[in-house]
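Here's the structure we're looking at; comments come further down.
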Amino acid sequence: MKEYYDHNLIEKTAQTHWESTKIYKVEEYAKNADGSLKTKFFACSMLPYPSGKLHMGHVRNYTINDMMTRHLRMQGFNVLMPMGWDAFGMPAENAAIKSKISPSEWTYKNISYMKKQMLAMGLAIDWSREICACDPSYYMWNQWLFLKMLEYGIVYRDTQIVNWDPVDKTVLANEQVINGCGWRSGAIVEKREIPGYYLRITNYSEELLEDLNNKLEEWPEQVRLMQKKWMGKSEGLDFAFEHQILDIDGNIFQNGKLQVFTTRPDTLMGVTFCAISYEHPLAKLVSERNIEIKEFIDQCKTGGTKESELATKEKLGMDTGLVVRHPITKEDISVWICNYVLMNYGNGSIMGVPAHDERDFYFAKKYDIAIKQVIAQNGKIFDKTQWNDWYKDTDNSYLINSGIYNGLDCISATNEIFSYIIENKHGQKKTMWRLRDWSVSRQRYWGTPIPMVNCSKCGAVPLSEKDLPVLLPENLIPDGSGNPLKKDEVFIKCKCPKCFGDAQRETDTMDTFVDSSWYFMRYTSPNNKYSAIDQRLNYWMPIDQYIGGIEHAVLHLLYARFWCKVMRDMGLLQLDEPIKKLICQGMVLNNTYSRRNNLGGLEYFNSDEIEISQNKNSDIKEYKLIKDGSPVEYNGISTMSKSKNNGVDPQVIIDKFGADTARLFIIFASPPEQNLEWSESGIEGASRYLKKLWKICYSNREILLNQNKKNNKEDISFQLNDNQKLLRFKLYSNLIKANHDYKRVQYNTVVSTSMKILNDIESFILKENFNNNQNYANVLKESIGILLRILYPIVPHITWNLWRELGYHLIMGDIIETEWPKIDQNAILRETIKIVIQINGKLKGSFIISSDASEEYIKEVAMKHESVIKFLDKGIKRIIVVPGRLINIVI
């Protein structure tokens with residue numbers, strides 16, 4: 001054993017041993033020593049995108065999962081912790097354009113480096129189950145499932161409105177549209193309607209919502225609320241404003257009805273305009289007659305269509321000059337085209353109630369549209385010049401300016417107006433959802449090829465299963481001028497499976513959310529060449545603990561839940577929900593520094609590039625670049641990201657301090673679900689703790705090794721002095737706390753408890769000398785052995801090494817295979833008394849218990865005593881407890 005803590009040698013030695021022994025390879029139906037089946041536990045982290053390097057968010061996620069895996073394994077669970085790569089997607093194409101290499105080469109290079117980093121972190125991953133989304137052995141099952149869903153009626157083909165970059169000749173996500181222009185080309189983005197494939201997720205709307213309430217109790221409430229909001233179930237009134245608008249042939253347009261949906265029928269009497277989307281059929285009709293409206297619609301087509309973007313976008317509109325009739329008052333209501341109305345929600349049209357809807361309020365003020373108050377509250381004055389949140393409230397509100405409905409509360413008015421509209425056949429009650437069917441077609445290269453061919457005679461035709469996989473050519477290099485698959489004749493040209501004539505392969509690829517919707521199922525059935533999953537899934541699923549960022553709370557998790565339900569309904573599995581418990585770990589934060597460049601943009605700098613100068617009072621005076629002394633601005637704490645150049649390379653920390661130090665800091669700095677602020681001093685503090693642990697163990701190595709070589713398994717002697725008793729009391733009290741914190745996944749306090757134990761051990765050593773005192777040696781052996789086991793899930797390298805160097809493996813085997821320490825109740829009894837056990841008044845035995853133990857606890861302990869157990873089958877008539885003396889059991 002070396003005198004000083006050498007993290008490089010220790011970690012290399014441990015990792016070499018773990019790799020050579022394949023200690024993390026997991027099999028189904030593992031058994032305990034007594035032949036009983038171990039309880040399975042599937043601990044899964046969200047698979048990473050292979051961007052090139054691990055970031056500290058990865059380190060935090062995987063260390064949390066690793067702690068859980070190691071701890072549960074020591075408790076006798078059969079734990080699976082696999083890993084894979086979310087390897088398809090646009091970032092690889094963008095990198096390929098920039099570096100002029102294929103996305104395949106870039107991706108596999110990054111995977112190789114990131115896997116090396118994971119190994120350096122000492123993660124307990126079963127690499128025999130590794131999957132990669134861009135490997136044909138995985139994505140062929142995407143294609144197979146697509147075809148099965150097509151047969152089942154879940155997949156269908158339809159047209160979709162997309163953002164089209166006319167220069168790059170590609171479809172852009174809303175996030176890639178900046179101020180109406182393509183993020184890379186700068187060209188004005190167009191809206192195009194193109195065909196694509198969809199999955200009928202809306203068929204599962206009710207079940208997806210219902211299961212959030214009934215089957216996902218162990219998910220964070222925040223995540224469940226986010227999914228509910230995304231699905232957006234609304235109960236309301238679907239009704240019509242009638243009109244006499246004519247189409248180009250002189251016929252009444254759309255049966256003379258403008259359909260509108262509202263969740264607030266009580267405000268119907270406050271309608272002063274109707275607004276339609278620029279994509280609404282009525283808007284298209286008007287644009288054919290009015291050049292100004294056509295130009296306005298073209299303007300609306302620029303930019304993204306996300307609700308979050310529309311919320312902050314300036315509300316613009318144009319009066320069509322058309323009117324519709326109010327269903328109750330029969331007044332004429334003007335029709336406007338507005339840029340904040342979405343065609344894909346409801347009917348693409350809304351009733352404008354400026355007095356009681358904030359968006360409508362500011363729109364009406366902008367265009368001088370009437371604002372009519374119809375909801376009032378006692379003691380509050382309505383002000384048309386300024387919006388107040390109470391204008392939209394229904395609580396303690398009543399109707400005014402609403403004719404026969406005046407004076408009714410909002411609920412009563414809603415019911416009355418519902419009845420009127422339905423009785424007069426203007427509309428009906430309806431449930432509306434924000435959730436729309438999932439578009440899985442992407443007009444991009446680096447993704448799973450959609451297994452369809454386009455035939456001039458037969459149309460879109462699915463491939464046969466025997467023709468899978470449709471291989472994605474890996475040697476193509478995108479140049480920014482559209483999907484390179486469209487130029488690859490070897491890929492495109494094929495025969496129609498139906499008529500055997502010339503046809504073309506579909507060049508759209510699948511949304512990468514398809515890859516991540518079921519990858520965890522493939523972990524359970526790795527390397528199966530004949531099916532996507534097999535009977536092993538029934539053993540491992542559902543995932544017992546899933547860990548990942550809150551940014552994936554909606555789409556990834558919603559799609560994964562949907563995918564599971566579809567596979568269930570197709571008879572592939574029996575699960576309703578794939579994930580039992582979810583943890584969303586907090587973000588890792590760091591200092592951010594920037595300055596404006598010559599073009600006016602922000603240029604960010606890493607903290608390693610910054611020099612901080614201070615005055616004589618140690619107050620910060622200014623921040624400068626080390627390279628040239630030029631000033632920069634401090635922007636505060638923000639999430640680590642490449643864009644803000646405030647990340648910390650885990651490899652630098654591993655090289656300098658060791659993986660265990662990185663793990664210890666990342667766990668200790670914050671509870672798993674809270675944000676973590678990066679700290680250089682925190683890293684150094686973690687390193688000092690591990691060095692202290694090593695030093696104490698090294699200084700007592702001979703005592704500990706000799707005690708362990710004796711293979712001495714008997715209980716600690718109770719002829720202890722006060723100092724020895726005190727250490728054992730503190731040790732087991734802290735073990736109880738550590739157990740509690742492990743169970744509730746509050747791992748940061750496990751670290752603080754471990755620090756307390758080490759301090760207690762150090763204090764104990766300073767107060768006593770060994771002097772061949774066996775009780776001292778036994779207590780020290782016991783304390784160090786328990787501390788190493790508590791720490792092992794957090795810092796596995798140093799604890800594995802110390803466990804072996806000090807001889808604990810001679811008694812209990814490898815630390816990962818040994819049992820988790822049990823609580824010695826005698827050790828935590830500071831003041832004890834002897835309780836005599838009597839059966840029908842005759843002495844049968846005794847036990848030691850705390851002097852302040854309750855009567856119920858005394859009974860509980862007595863019932864487990866060997867002298868009592870053999871009488872239990874005779875039946876107990878009465879139990880008499882004499883406090884502080886005896887317990888008499890009458891049978």
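Rule-based calculations on the coordinates, nothing more; no lab input. Just so you know, these numbers come straight off a predicted model, no measurement behind them. Here the Cβ is made from the backbone with ideal geometry for all residues, glycine too, and neighbour counts use every protein chain on show.
What to note about this one:
- Packing-based exposure ordering (other Cβ within 10 Å, fewest first) of R436, R442: R436, R442
- Between 0 and 90°, nearest 10: helix 774-791 axis offset from the chain longest Cα axis: 10 degrees
- Sparsely packed loop sites in region 2-56 (the chymotrypsin sites (Phe, Trp or Tyr not before Pro) outside DSSP H, G, I, E and B with at most 14 other Cβ atoms within 10 Å) comprise Y4, Y29.
- Calculated mean residue ellipticity, 222 nm, the chain: -11000 deg cm²/dmol, from DSSP H runs (n ≥ 4) at -39500 (n - 2.57) each, averaged per residue and rounded to 500.
- Gap separating the Cα centres of region 734-755 and region 184-224, nearest whole Å: 38 Å
- Each peptide among 518-527, 776-785 gets the average number of other Cβ atoms lying within 10 Å of its residues, and from highest to lowest they stand as 776-785, 518-527.
- Relative contact order [Cα under 8 Å, 6+ residues apart], region 589-660, whole percent: 35 percent
- Amide H within-cut-off set for T592, under 5 Å, with H built and near neighbours excluded: N635, G636, S638
- Cα-based shape type of region 383-439, given that a ≥ b ≥ c are square roots of the gyration tensor eigenvalues and the cut on a/c is 1.5: oblate
- Nearest-20 debye value, region 677-824 charge dipole, Cβ charges on Lys, Arg, Asp, Glu: 120 debye
- Radius of gyration over Kirkwood radius for region 677-824, both on Cα atoms: the Rg/Rh ratio is 0.95.
- For region 116-132, 3J(HN,Hα) per residue [Karplus equation, 6.51 cos²θ - 1.76 cosθ + 1.60, θ = phi - 60°, Hz, x = Gly/Pro]: 4, 5, 5, 5, 5, 6, x, 6, 7, 8, 8, 6, 5, 9, 4, 10, 9
- Dipole magnitude of region 234-432 about its Cα centre (Cβ charges: Lys, Arg +1; Asp, Glu -1), debye to nearest 20: 40 debye
- Gyration tensor (alpha-carbon) shape descriptor, region 429-511, a/c threshold 1.5: oblate
- Taking all Cα pairs closer than 8 Å and separated by 6 or more residues, the relative contact order of the chain comes to 14 percent.
- Taking the fewest neighbouring Cβ atoms within 10 Å as the starting point, the ordered list for T39, T272, T16, T385 is T385, T16, T39, T272.
- Computed from Cα positions, the angle between helix 659-668 and the longest principal axis of the chain comes to roughly 70 degrees.
- In sequence order, region 73-88 has phi-based couplings of 5, 5, 8, x, 7, 8, 10, 10, 10, x, 8, x, 9, 7, 8, 8 Hz under the Karplus curve 6.51 cos²θ - 1.76 cosθ + 1.60, θ = phi - 60°, and Gly or Pro positions carry x.
- Among the listed pairs K22/K581; K581/K737; K12/K756; K191/K313; K53/K656, those beyond 21 Å (Cα-Cα): K22/K581; K581/K737; K12/K756
- Neighbourhood charge, 12 Å Cβ-Cβ cut-off, centred on T39 and excluding it, Lys, Arg +1 and Asp, Glu -1: +3
- Identified option (computed log10 I(q)/I(0) by the Debye sum over Cα atoms at q = 0.06 Å⁻¹; candidates (1) -0.59; (2) -0.66; (3) -0.49): (1)
- Equivalent ellipsoid dimensions for region 234-432 as semi-axes, Å, which come from the Cα gyration tensor, largest first: 28, 21, 15
- DSSP beta bridges confined to the chain are antiparallel in about 80 percent of cases.
- Cross-link pairs K457/K493; K148/K565; K215/K430 - those with Cα-Cα distance over 18 Å: K215/K430
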